[in-house]
Structures are given as C-alpha cells and as structure tokens.
Amino acid sequence: MDDTSLDSILDSLSRVPRLLVISDFDGTIAELQDDPETVPVNRDSVTALETLGGLPDTGAVILSGRDLATLRRLAGAGAAVDLVGSHGAESTGDTVAPTVEQRRRLDAVTELLEPLVDGCPGAAVEVKPLHRVLHTRRVPDREAGERLLRRAVELCPEGLHVSTGKCIVEFSAVSVDKGTWISGARERGGWDAIVFLGDDVTDENGFGVLGDGDLGIKVGDGPTAAGHRVADTDGVCAVLGRLAEARSAYLDR
Ligand SMILES: [Mg+2]
C-alpha cells in the first residue's frame, strides 16, 4: 500500500460523522529506548491528538500498557486526549485496586520472578496495579535476556493472564486487553470509524477487532493483522498530522 492510498483513506476517514483515533504510546508516539522513564515523546504527534480530541464528534485516546499514572506523567497530553493505561484496565478518572485474591496472585508471581531477575543483571520487575511485568531491554547479554523471557512464560502462574511483547513478559490479573477495550469504546461512543496505531504484539489484539470501515496501522516490521504500516514514529506523526488537518478542514467548512 503506497502513501497516496493511505492518504486518501485518511482523507475519507476524516469525513465520517463520528471518528475515534487511538494510539499506542511506546514505539508509536514515543521512541523505544533503554530507560523507560525518559522516552523521547513526539510532541507533534501529541499536538495532533490534542487537535483531534478538541474537535466535535471526534475522540483521541492514548492506549498504553503503561500504568495510568506513569502514562499521564510521560505523555504530557492536554485534557482533550483521553489516557487509558494497563492495556485498557485503567481509564482516566478510574482508580484501580486489585481484589485480595488478585493481589495474592500478583504477589505470588513477583516471588517467582525475583530470583530469576536476581540472576540476570539488567532485568527488572515492574509493579503496576493489576500487572507484573518482567523487562529485559537493559540486559546486555541478548541471549540471556531471551532465556529469561522464556523461563518467565513457563511459570504459568495460577489465575493470571500471560502475554509477551518486545523484551517483556506481562502477567495480568484481569482479562482486559487492547482489543476488548477498543470494542467496549466503540459500543460506548457509537463511533462510525476507529483509527488505531501500534507497534507491538499487544497491539495485535486491537487490530484484530477493527472492521472494514476502520483503519489499523502497524508501526515498524513484524507480522500484523493491521491493514497498513508506517516505518516509525515519524510515520505515525505524519498520519496523525494529516488526519488532524483534514478533519479540522472538513468540520470547519
Ligand atoms: Mg508500543
């Protein structure tokens, strides 16, 4: 699919009655890098989302695997952009606390992960309200990192959902994923079309629930259920910028 046809799809999507634009965060509007606390955010992408979210009959969402508090701190997006964390388990305004049973299961997997991490310099366990995440991006020995991820997947802790992504294995106390969140958002908002952009394995759940009138855009290489692809975060910025411009012009006519 060449740029011209993607541009013409964006132009026709900009004219639907109710449009929802959803973007992943890391690897999509922020660059991936070793230190997850200082990821460079593409401000033009955020501005385009703010423009879209400020238009009538238009929604703009950043949907991330990050916990909501961290996403809010790093994204720096204005109130026109809805932030949704933990793959859809945490929405703006929600306070999320695990049940006693969920907490027991999450603590149990933390106990299993800690000795693995202790034996692998650079590896770390991230604690989120409803998730525990093993990170290996900072493990200098790539093979050791891969081995650690495989061992973590094999833990199969009771009652938790396990998913994998780029240098992570995630254990979730809830069955919410980006696909279930997008489906729910479509029902709640009565959107006529949804645009969703993402770069990682967890985004495939989102691409999987898109329909014929929607647009899924995969960022970077790798297998995908998305119908379109851009190379990198600059490509995302171009898509969001074009969409914001076209929709503003359409609604202003
Ligand atoms: Mg991502």
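Would you please name the GluC sites (Glu not before Pro) within segment 115-177 that are DSSP coil residues with at most 15 other C-beta atoms within 10 Å of their C-beta?
Sparse-neighbourhood loop GluC sites (Glu not before Pro): E158.
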Please give the length that would be gained between R142 and A97 if that part of the chain were fully extended, namely 0.36 nm times their separation in residues minus their C-alpha to C-alpha distance (nm, one decimal). 12.7 nm
Segment D212-S12, length gained on full extension (0.36 nm per residue, minus Cα span): 70.7 nm
Percent of Cα-Cα pairs more than 16 Å apart in segment 100-172, please. 39 percent
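Only four residue types carry charge here, +1 at the Cβ of Lys and Arg and -1 at the Cβ of Asp and Glu. Report the dipole size of the chain about the Cα centre in Debye, rounded to the nearest 20.
440 debye
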Candidates G88, G216, G227, ranked by Gaussian network fluctuation over the chain, Cα under 10 Å, top entry: G227
If I stretch the segment between T38 and E154 completely, what's the gain in nm (0.36 nm per residue apart, minus their alpha carbon distance), one decimal? 38.7 nm
Hey, if you put +1 on the Cβ of every Lys and Arg and -1 on every Asp and Glu Cβ in the chain, which of T99, L215, T136 ends up farthest toward the positive end of that dipole? T99
Shape call for segment 140-248, from the Cα gyration tensor axes a ≥ b ≥ c (a/c under 1.5 means rounded, otherwise prolate when a/b beats b/c, else oblate), comes out oblate
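Place the peptides 110-117, 195-202 in order of packing, highest mean first, counting for every residue the other Cβ atoms within 10 Å and averaging per peptide.
In descending order of packing, they fall as 195-202, 110-117.
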Whole Å is fine, so just give me how far the alpha carbon centre of segment 163-195 lies from that of segment 93-162. 20 Å
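From the Cα gyration tensor of segment 70-126, with a ≥ b ≥ c the square roots of its eigenvalues, which class applies: rounded if a/c is under 1.5, or else prolate if a/b is larger than b/c, or else oblate?
oblate
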For the chain, what does -39500 (n - 2.57) per DSSP helix run (n ≥ 4), summed and divided by total residues, give at 222 nm, in deg cm²/dmol to the nearest 500? -12000 deg cm²/dmol
Before anything else, pin down the relative contact order of segment 95-227: Cα pairs under 8 Å, at least 6 apart, normalised by residue count, whole percent. 18 percent
Hits in segment 20-55: amide N under 12 Å from the 7 Å Cα→Cβ extension of D232, namely 31-32
Among segment 215-253, those whose backbone N falls under 17 Å of a label point 7 Å along Cα→Cβ from A80 are 237-253
State, as an integer percentage, the relative contact order of segment 100-172 based on alpha-carbon contacts under 8 Å between residues 6 or more apart. 31 percent
For the chain, averaging the sequence separation of alpha carbon pairs under 8 Å that lie six or more residues apart and dividing by its residue count, the contact order in percent is 23 percent
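Using only the Cα atoms of segment 37-190, construct the convex hull and provide its projected area averaged over every direction, in square nanometres to one decimal.
9.9 nm²
The numbers here are math on the coordinates, done by the rules we state, and not lab data. These numbers were taken from a predicted model, which means no experiment stands behind them. In this analysis, Cβ positions are derived from the backbone assuming ideal geometry, glycine residues included, and neighbour counts consider all displayed protein chains.
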